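Have a look at the structure below before the remarks.
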Amino acid sequence: VTAVNKALAWVKSEDFGSSIEEFEEDELLPMKIRGFYLFETLAYDVYLELTQTKYTKIISANKKYSHSTIHSYARKNIKVLYLRKNDYLKFLEEGIENLLKIFESKKKLKQEEVIENQIKATLLIHQYVKTVGVSENVVKLCDRVILCSRDIVLENKKYRNVLSLFPKGGPFDIATQSIMTLYLSHFILQSLGWASETSKKKLGLASLLY
């Protein structure tokens, strides 16, 4: 009860007091907070869990939100936000399409930005496969994530140099571990002299779906 009261008090202090709503457990689905850095506006509402049935809306449909807002929740150790079940799939599909555009763009990104996008892509791949299954765009995104890692491997020569490019102080989640494993597999293949395209793709997929 104390924890619930503290949560409700915090929401009121954040000026969300009037937006507390009740939902049945199966009406909303959790989305890892990192996924919300992919957008600046969404076509649907996003909720923060207070109790098993009480939620507060923290992002309103079609209204711009800042990444600093999302970061402020992450600093409070909030790991997931919630979407209505019907909006969840739309969020995943839009996120995958946005990342495909980034990976297919000719715009040169910093290596740190490439790795951050690889982690975001892996997060969406995991959640899409778990919830829906495999789609054509998921396969394309896996290929792009594997492909763009090769230039980073060639430029950095050693695994520890690649590790230094990963986000500092970010969550050490499964998506991050998957990308670390992807790079490790590239270096292992190089050392063994087995760095064929087929081997890279097989181990790359195994790493992403780890």
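List of remarks:
- Helix 2-13 vs. the chain, principal-axis angle (Cα, 0 to 90°, nearest 10): 90
- Centroid-to-centroid separation of region 66-90 and region 92-126 [C-alpha atoms, Å]: 18
- For ILE59, nonlocal amide neighbours, meaning residues 5 or more places apart or on other chains whose placed amide H falls under 5 Å from its own, are VAL46.
- Computed accessible area, SER105, all protein chains, 1.4 angstrom probe, square angstrom: 60
- Relative to the dominant Cα principal axis of the chain, helix 111-131 is inclined by about 70°.
- Angle between the chain longest axis and helix 85-104 axis [Cα atoms, degrees, rounded to 10]: 30
- In the assembled protein chains, ASP151 presents an accessible area of approximately 90 Å² (probe radius 1.4 Å).
- Surface analysis of the chain yields an accessible area of 56 Å² per residue, using protein heavy atoms and a 1.4 Å probe.
- Volume of the Cα convex hull of region 51-178, divided per residue and given in Å³: 139
- Note on surface exposure: LEU109, LEU182, LEU209, LEU165 rank LEU209, LEU109, LEU165, LEU182 by accessible area, highest first, 1.4 Å probe.
- List MET180, MET31, ordered by accessible area with a 1.4 Å probe, largest first: MET180, MET31
- Figure note: LYS79, LYS168, LYS54, LYS158 ranked by solvent-accessible area, largest first, 1.4 Å probe, ligands and nucleic acids not counted: LYS168, LYS79, LYS158, LYS54.
- Taken along its three principal axes, the alpha carbon spread of region 131-210 comes to 37, 34, 18 Å, from the longest extent down to the shortest.
- Accessible area of the chain belonging to carbon and sulfur atoms, whole % at 1.4 Å probe: 53
- Rounded to the nearest whole Hz, the Karplus-based 3J(HN,Hα) values (6.51 cos²θ - 1.76 cosθ + 1.60, θ = phi - 60°) of region 156-164 follow the sequence 9, 6, 10, 4, 5, 5, 5, 4, 5, with x at glycine and proline.
The values are calculated or read from the model by the stated rules, or taken from the named source; none is laboratory data. It should be emphasised that the depicted structure is a prediction, and the values quoted were computed from it without experimental measurement. Protein only, heavy atoms only, side chains kept; ligands, DNA and RNA dropped before computing areas. Shrake-Rupley method; radii C 1.70, N 1.55, O 1.52, S 1.80 Å.
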